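Comments concern the structure below.
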Amino acid sequence: MNIAVRYYSRSGNTKGVAEAIAKGVGVEAISVDSEDSKINEDVDVLFVGGALYAYGLDKHLKTYLSELDGSKVKKAVVFSTSWISKHSIDLIKKGLSEKNIPVEEEYFYSKSAPTDAVLKEAEEFGKKMAV
Ligand SMILES: Cc1cc2nc3c(=O)[nH]c(=O)nc-3n(C[C@H](O)[C@H](O)[C@H](O)COP(=O)(O)O)c2cc1C
């Protein structure tokens, strides 16, 4: 099973969730602005996360989604953090669907900074969804 975790995080909240999910599935969480973030090999499960800023996604994540090779991704799972709105989940799912990537309905969400308990849940979520 080939699993990848990609995220964009301005202030660390989404990064924390990404790293917890990555820990659960035994891979490294990679920021989409890193050179290593490109999906070059087929992946079975791609976890993708980002936060909501002024009711939109950060441009780094938008660009990443628009450049993703959908033919290499069997399935995607979304995660996000925000103050209150879960619109980021819809926006990320939409970006993935536009690449014809099947997206799991279930997602992981943390209200602002994840607590230790939320990070533990994220780790378990990763394990559960990486099948
Ligand atoms: C400039 C800015 C705009 C934001 N706009 C929204 C928003 O429209 N709705 C919302 O629920 N949260 C909003 N937030 C809250 C962030 O989504 C939240 O703090 C998130 O956890 C940040 O994730 P990060 O630390 O991974 O960057 C905003 C935060 C900032 C800094």
Could you say whether any residue in region 26-38 is away from the ligand (no atom under 16 Å from the Cβ), in contact (Cβ under 8 Å) with a residue 40 or more places away in the chain and surrounded by fewer than 22 Cβ atoms within 10 Å (Cβ to Cβ)?
no
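Find the residue count for region 92-104, including only residues that are under 17 Å from LEU52 (Cβ atoms) and touching a strand residue (DSSP E or B) at 6+ places or on another chain (Cβ under 7 Å). Quick ask: steps written out before the conclusion?
If we filter region 92-104 for residues that are under 17 Å from LEU52 (Cβ atoms), which is where we start, we get 92-96.
Remaining after also requiring touching a strand residue (DSSP E or B) at 6+ places or on another chain (Cβ under 7 Å): 92-93, 96.
Final tally of qualifying residues: 3.
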Filtering region 70-90 down to residues that are within 17 Å of VAL118 (Cα to Cα) and small (Gly, Ala, Ser) yields SER80, SER82
Filter region 91-105 for residues that are of a type in the set (D, E, K, R) and over 12 Å from the mean Cα position of the chain (by Cα) and give the result.
LYS94, GLU98, LYS99, GLU105
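Would you mind finding the one in ASP58, ASP42 that is within 12 Å of the ligand (Cβ to nearest atom), more than 22 Å from LEU119 (Cα to Cα) and modelled with pLDDT of 95 or more? Give the derivation first.
On the way: ASP42 fails: within 12 Å of the ligand (Cβ to nearest atom).
ASP58 is the lone residue from the list that is within 12 Å of the ligand (Cβ to nearest atom), more than 22 Å from LEU119 (Cα to Cα) and modelled with pLDDT of 95 or more.
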Can you confirm whether VAL17 is within 10 Å of the chain's Cα centre (by Cα), farther than 20 Å from GLU67 by Cα, at pLDDT 95 or above and within 16 Å of the ligand (Cβ to nearest atom)?
yes
Among (1) under 27 Å from SER85 (Cβ atoms); (2) free of Cβ contacts under 8 Å to residues at least 24 places away in the same chain - the single one ALA51 does not satisfy
(2)
Residues VAL78, VAL131: which one is buried (at least 21 other Cβ atoms within 10 Å of the Cβ) and of a type in the set (Val, Ile, Thr)?
VAL78
State all residues of region 97-131 that are in contact with a helix residue (DSSP H, G or I) (Cβ under 6 Å, 6 or more places away or on another chain), more than 18 Å from SER9 (Cβ to Cβ) and assigned to a loop (DSSP other than H, G, I, E, B); if no residue qualifies, say none.
LYS99, ASN100, ILE101, ALA130
With the checklist (1) within 16 Å of the ligand (Cβ to nearest atom); (2) within 18 Å of LYS128 (Cα to Cα); (3) touching a strand residue (DSSP E or B) at 6+ places or on another chain (Cβ under 6 Å) in hand, flag the one item LYS75 doesn't pass.
(1)
Residue under evaluation LYS94, criteria (1) assigned to a helix (DSSP H, G or I); (2) of a type outside the set (Asp, Glu); (3) farther than 14 Å from TYR7 by Cβ; (4) touching a residue at least 12 places away in the same chain (Cβ under 8 Å), criterion not met
(4)
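The values are calculated or read from the model by the stated rules, or taken from the named source; none is laboratory data. Model, not experiment: these values are computed from the prediction. In this analysis, Cβ positions are derived from the backbone assuming ideal geometry, glycine residues included, and neighbour counts consider all displayed protein chains.
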